[in-house]
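One structure is given below, encoded as structure tokens.
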Amino acid sequence: MLLFAAWLVFNHLNTPLGLRLPALGDFINPATGFWQSAKRSQTHVSDQSISTAQGAGGVIKFSDRGVPHIFADNLVDACYLQGYVTARDRLFQMELSSRATGGRLAEVLGPDLIDYDRSQIRRGFREAARRSARDWKENHPQDYAWLEAYTRGINDYIDQLKPEDYPIEYKILDFEPEYWSPYKSALMVKGMSNTLSARNHDLSATHSLAELGQEIFDQLFPDRNPRQSPIISPSVSYDFEPQDTSRGISPVVPQELESNNQLGWWEQPDLIDQAPVPTSPFNGSNNWAIGPSKSSTRRPILANDPHLGLTLPSIWYEIQIQTEEDEIFSRGVSLPGLPLIVIGFNEDVAWGETNCGHDVTDWYEMDWVDEDHTSYRLDGQEVDVYNLYDTIQVKGEEPRVETTPWTVWGPIVDTTAESRSSWLAMHWLAHDVAPEREVGDLGVFAGLMAAENEQDMQLALRSYFDPAQNFVLADKTGNIAMRPSGGFPLRSPGQGRFVLDGSISDHGWAGNVPPDQRPAQRNPQRGFVASANQRTTADDYPYYYLGNFDDYRGRYLNRRLTQVETYNKREIKDLQQDAYSLLAEELMPLLLARVDREHMNLRDRQLIADLADWNYVYSAESKAATFFHRWQDLVYELTVDEIPRDSGFLELETWRWVDLIRNQPDHAIFDIKKTPAKETAITLTQRAFDEIMETWDEDVLPWAEERGAYVRHLARIPGFGSQMLRSPGTGQALNALRGPSGPSWRMVVELGDEPNAWGVIPGGSSGNPASPHYDDALVEWAAGRYYLLPLRTQSDDELITTWTFNISNN
């Protein structure tokens with residue numbers, strides 16, 4: 001009855017994806033609808049004869065939580081089995097994610113998604129994926145063999161499905177699963193690049209400088225926060241000779257259209273021309289490792305919790321892989337749509353990642369030869385644009401052909417006349433093919449999975465390219481390290497902060513920072529390495545970079561790790577879930593000092609006393625956290641009334657705003673121009689306090705309800721998401737849970753003679769809403785509990801269900 005009522009309400013509204021749901025009968029049909037999915041969720045396959053990549057076979061065993069443990073002779077066969085079981089659990093997730101990145105949603109969801117698809121195409125996602133897939137095939141045959149095996153596993157699973165067995169979302173949205181391909185795996189990589197490395201402020205910085213002038217711009221938007229506690233501590237010295245960044249080189253132009261069809265059987269026009277998950281505006285993360293001197297076991301302990309958009313099914317897929325020939329025995333999480341393990345551990349080592357946050361996008365104003373924008377001037381020579389033609393298939397309508405002009409820098413994303421980005425060219429690192437390297441993208445993670453020590457992991461990371469990540473490393477012999485890795489553009493000082501002149505080739509990047517000149521830290525005297533998306537280095541690093549860096553979590557993490565002499569595993573877990581706000585610690589006393597207590601009534605005085613006693617922890621039931629959050633937001637909005645978020649100006653960073661309140665409360669930024677009086681930080685603080693107090697008695701909410709965090713279904717289908725989360729946390733705390741985003745995988749690994757590891761995802765192994773493993777881990781995650789993550793052997797009787805893949809070489 002609950003499902004029926006939800007259906008009646010929702011079917012009178014447009015879904016967030018822009019179309020109406022099908023008739024209720026399709027959903028409740030006992031043979032094909034939700035109940036068939038429920039039945040299938042309880043069905044297990046055994047002794048199924050399927051041809052594997054090299055005719056070697058393998059076994060998948062499942063834990064009581066539905067976590068697959070793969071046992072195979074070699075990594076190629078393991079990738080096949082991984083593709084098969086991932087499709088079993090996450091087929092719709094992979095399909096929707098690849099379609100969203102490649103701009104192919106209108107094909108299955110209707111014409112309301114045409115503009116979205118067009119924007120994805122114009123930003124170059126399809127072309128970037130084509131380039132990466134071609135690079136894998138031509139330059140990294142081992143990567144390509146793993147991808148082909150993974151693809152075959154997915155497609156073999158699809159082949160054995162009957163329409164009544166399709167995941168329920170296909171039935172609700174009325175389309176069929178499509179075969180996978182290495183090209184779609186490349187789209188998954190580009191989707192992560194979009195989530196983690198696409199943010200840039202060139203246009204808003206250029207607009208702000210033009211409107212405000214250099215003096216005010218420099219006051220409001222300094223390039224660096226002097227209070228940062230960088231990832232690589234200032235104790236690290238750089239003894240290399242920096243490369244010359246005064247001259248740039250031009251990126252490549254798209255190859256001729258014919259060359260796009262040389263990738264193999266899987267990239268036929270019906271796959272390429274049809275085209276992950278919508279990006280989250282908040283993608284912070286924490287990771288750290290403590291060395292023997294700070295560990296209660298006198299062995300390293302590593303922790304990682306990447307913060308991404310929270311969805312059901314979860315963005316991560318928990319898995320173990322063991323192979324005989326490649327000597328891999330590794331456990332952790334993978335990304336559905338890509339083989340191997342991304343974050344994890346084995347018997348000897350552990351590794352994890354956070355986002356670097358570097359800006360790897362530059363915008364160029366072109367010197368067009370004519371009003372038709374068919375050619376432009378570069379170094380005094382006329383150069384023709386190269387047009388890429390992509391098809392947008394539309395459900396129920398005729399297909400459309402989208403033309404994207406490409407320049408030497410990259411695509412012309414926007415041709416809207418009234419837009420400030422109109423006819424600007426974009427160069428984004430994700431469009432570039434990685435320079436020559438020892439192994440490909442997958443080879444990096446295969447190297448991590450097989451590593452025997454920290455040096456092996458360092459060697460593998462030399463080939464990592466995009467998106468740039470802070471890799472934390474630890475091994476059982478006692479070594480710890482932090483290695484920011486990826487394509488870091490070689491820029492001249494200031495290059496990339498504003499729109500550049502695209503008529504000069506020297507305005508391009510001078511390549512990328514060589515692997516041995518990337519910042520890194522190994523076994524520091526302080527006894528730990530840590531990152532929480534703060535700035536990468538101190539000011540003495542010889543290369544210029546810019547980006548989006550957290551100003552509070554990193555400082556607090558370094559402070560806590562410095563203050564405590566030793567940690568055990570329980571204290572490490574507690575630190576992952578720490579909801580203390582350093583921003584509140586620094587800002588609340590400033591706000592309290594600026595309110596007029598002399599004329600307050602008794603109620604207001606009591607509230608001020610309660611706020612003064614608050615411990616700055618965003619606990620679920622805290623009303624002080626709610627008041628502070630509202631107060632902070634309202635004072636900020638009053639401060640930036642002339643440069644609001646939707647005005648095209650740069651956003652005043654929180655740290656700089658707090659600094660102005662503390663040191664320059666009379667700064668002109670606090671004056672509201674439309675009023676005759678001259679406002680100050682004191683004026684705005686009092687005004688915001690009074691405004692909140694007008695409705696506080698009727699509107700008081702504990703923090704969890706004020707925040708309103710949920711884990712929604714990937715396609716926002718109602719009834720398939722979670723209830724409101726009553727967990728502690730906020731964006732500025734280590735437990736960075738905010739509305740749609742938060743810790744997407746918590747992992748703690750205690751290394752030793754045998755590893756002890758714990759982890760939990762906010763969801764479950766299965767993507768089937770009817771499965772008991774759809775969201776069974778969410779309750780544990782929300783309560784701050786972890787599962788033990790043992791490395792299981794094939795004979796382990798705690799693995800309760802077995803799929804055996806026999807051989808039929810065909």
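Taking a cut-off of 16 Å, what percent of all Cα-Cα pairs in the range 700-759 are separated by more than that? Show your work: numbers first, answer last.
Numbers: 1022 of 1770 pairs.
Cα-Cα pairs in the range 700-759 separated by more than 16 Å: 58 percent.
Might you work out the accessible area of residue 373 for me, using a 1.4 Å probe with all protein chains in place, and round it to the nearest 10 Å²?
Ignoring ligands and nucleic acids, residue 373 comes out at about 40 Å².
What does the accessible area per residue of the chain come to in Å², with a 1.4 Å probe and no ligands, DNA or RNA counted?
On the way: 30950 Å² over 810 residues.
I get 38 Å² per residue for the chain.
Grab the eigenvalues of the alpha-carbon gyration tensor for the range 717-810, scale each by 5, take roots, and send me the semi-axes largest first in whole angstrom.
Values: eigenvalues 182, 92, 26 Å².
Here the semi-axes work out to 30, 21, 11 Å.
Tell me, what is the Rg over Rh of the range 130-237, with Rh the Kirkwood radius over Cα pairs?
Details: Rg = 23.8 Å, Rh = 19.3 Å.
Using Cα coordinates only, the ratio equals 1.23.
Roughly how many debye, to the nearest 20, is the charge dipole of the range 274-410 about its Cα centre, given +1 on each Lys and Arg Cβ, -1 on each Asp and Glu Cβ, and no other charges? Provide the component values of the computation, followed by the final result.
Numbers: 7 positive and 23 negative charges, 242 e Å.
It works out to roughly 1160 debye.
What fraction of the Cα pairs in the range 61-115, stated in percent, has a spacing above 12 angstrom? Walk me through the intermediate numbers first.
Working: 1073 of 1485 pairs.
Cα-Cα pairs in the range 61-115 separated by more than 12 Å: 72 percent.
Expressed as a whole number of Å, what is the distance separating the alpha-carbon centroids of the range 597-665 and the range 491-514?
So the two Cα centres are separated by 39 Å.
Quick one: which residues, 5+ away or cross-chain, put their amide H under 5 Å from the amide H of residue 509? H built at 1.01 Å from N.
For residue 509, whose amide H was placed from the backbone, the distant partners under 5 Å are 249.
Bin width 10 Å, origin at 0, all Cα-Cα pairs of the range 602-647: what percent of pairs per bin?
25, 39, 25, 11, 0
By accessible area of protein heavy atoms, probe 1.4 Å, what ranking do 449, 724 get, highest first?
Values: 449 0, 724 55 Å².
Final ranking, largest accessible area leading: 724, 449.
Could you list, bin by bin from short to long, the percent of Cα-Cα pairs of the range 577-689 in 5 Å steps?
2, 11, 21, 22, 19, 14, 7, 3, 0, 0
Per-residue HN-Hα couplings for the range 714-726, Karplus 6.51 cos²θ - 1.76 cosθ + 1.60 at θ = phi - 60°, whole Hz, x for Gly and Pro?
After applying 6.51 cos²θ - 1.76 cosθ + 1.60, I find 3, 9, 6, 6, x, x, 9, x, 9, 6, 4, 7, 9 Hz.
Among the chymotrypsin sites (Phe, Trp or Tyr not before Pro) within the range 94-194, which fall in a DSSP loop and have no more than 13 other Cβ atoms within 10 Å of their own Cβ? Present the calculation step by step, with values, prior to reporting the outcome.
Values: sites: 116, 125, 136, 144, 146, 150, 157, 170, 175, 179, 180, 183; in loops: 175, 179, 180.
Hits after loop and neighbour filter: 179.
Using the crude model of +1 on Lys and Arg Cβ and -1 on Asp and Glu Cβ, and no other charge, please compute the dipole size for the chain relative to its Cα centre, in debye to 20.
Values: 72 positive and 118 negative charges, 394 e Å.
Here the chain has a charge dipole of around 1900 debye.
Rank 549, 503, 486 by how far each Cα sits towards the positive end of the charge dipole of the range 422-567 (+1 on Lys, Arg Cβ; -1 on Asp, Glu Cβ) and give me just the farthest.
549
How much of the accessible area of the chain, in percent, comes from carbon and sulfur atoms when a 1.4 Å probe is used?
Accessible surface attributable to carbon and sulfur in the chain totals 49 percent.
Tell me the relative contact order for the range 84-238 as a rounded percent, counting alpha carbon contacts under 8 Å between residues six or more apart.
Working: 104 pairs, mean separation 44.8, N = 155.
29 percent.
Can you give the alpha-carbon Rg of the range 466-513 over 2.2 N^0.38 Å, where N counts its residues?
Compared with the compact-globule rule of thumb, the range 466-513 sits at 1.72.
May I ask you to list the trypsin sites (Lys or Arg not before Pro) in the range 657-744 that are in a DSSP loop and have at most 12 other Cβ atoms within 10 Å of their Cβ?
Working: sites: 662, 673, 674, 678, 687, 707, 712, 716, 726, 738; in loops: 673, 674, 678, 716, 726, 738.
Listed in order of number, the matching sites are 673, 674, 678.
With +1 on the Cβ of every Lys and Arg and -1 on the Cβ of every Asp and Glu, and nothing else charged, how large is the dipole of the range 52-132 about its Cα centre, in debye rounded to the nearest 20? Write out the running numbers ahead of the final one.
Details: 12 positive and 10 negative charges, 56 e Å.
Using Cβ point charges on Lys, Arg, Asp and Glu, the range 52-132 gives about 280 debye.
Kindly give the semi-axes, whole Å and largest first, of the ellipsoid equivalent to the range 500-586, taking each as the square root of 5 times a Cα gyration tensor eigenvalue.
Numbers: eigenvalues 239, 61, 21 Å².
Computed over the range 500-586, the values are 35, 17, 10 Å.
Over 5 Å intervals from 0, what percent of Cα-Cα pairs in the range 429-571 sits in each interval?
Spelled out bin by bin, the range 429-571 gives 2, 8, 15, 20, 18, 16, 11, 6, 3, 1, 1, 0 percent.
Counting pairwise Cα distances across the range 511-554, what percent come out greater than 13 angstrom? Intermediate results must be reported in sequence, preceding the final value.
On the way: 626 of 946 pairs.
It works out to 66 percent of all Cα pairs.
How would the range 332-408 be classified by its alpha-carbon gyration tensor: rounded, prolate or oblate, with rounded meaning a/c under 1.5 and the a/b versus b/c comparison settling the rest? Don't skip to the end; give the middle numbers.
On the way: a/c = 4.31, a/b = 1.74, b/c = 2.48.
Oblate.
Spelling out what I want: for every residue of the range 697-707, take phi, set θ = phi - 60°, compute 6.51 cos²θ - 1.76 cosθ + 1.60 (Karplus), and round to whole Hz; glycine and proline get x.
Values per residue, Gly and Pro as x: 4, 8, 10, 6, 10, x, 4, 4, 6, 4, 5 Hz.
Using only Cα atoms, what is the ratio of the radius of gyration of the range 413-477 to 2.2 N^0.38 Å?
Working: Rg = 18.3 Å, N = 65, 2.2 N^0.38 = 10.7 Å.
Ratio of Cα Rg to 2.2 N^0.38 Å: 1.70.
Mind ranking 691-704, 287-300 by how tightly packed they are, going by the mean number of other C-beta atoms within 10 angstrom, highest first? Before the final figure, lay out the partial values.
On the way: 691-704: 13.8, 287-300: 21.7.
Going by the mean number of other Cβ atoms within 10 Å, highest first, we get 287-300, 691-704.
Could you give me D for the range 342-492, from Stokes-Einstein at 37 °C and 0.692 mPa s, where the hydrodynamic radius is the Kirkwood radius over C-alpha pairs? Units µm² s⁻¹, please.
Rounded, D is 175 µm²/s.
Where the Cα atoms of the chain are projected onto their three principal axes, how long is each span, largest first, in whole Å?
Principal-axis extents of the chain (Cα, largest first): 84, 65, 64 Å.
Going by a ≥ b ≥ c, the root eigenvalues of the Cα gyration tensor, does the range 391-435 fall in the rounded group (a/c under 1.5), the prolate group (a/b larger than b/c) or the oblate group?
Numbers: a/c = 3.10, a/b = 1.40, b/c = 2.22.
Cα axes put the range 391-435 in the oblate bin.
Can you classify the range 677-717 as rounded, prolate or oblate using the Cα gyration tensor, where a ≥ b ≥ c are the square roots of its eigenvalues, rounded means a/c under 1.5, and otherwise it's prolate if a/b beats b/c and oblate if not?
On the way: a/c = 4.38, a/b = 2.23, b/c = 1.97.
It is prolate, given that a/c is not under 1.5 and a/b is the larger ratio.
The values are calculated or read from the model by the stated rules, or taken from the named source; none is laboratory data. Since the model is a prediction, treat every value here as computed from it, not as a measurement. Note that each Cβ is placed from the backbone with ideal geometry, even for glycine, and that neighbours are counted across all protein chains shown. SASA here: full protein model, heavy atoms, side chains in, ligands and nucleic acids out. Shrake-Rupley method; radii C 1.70, N 1.55, O 1.52, S 1.80 Å.
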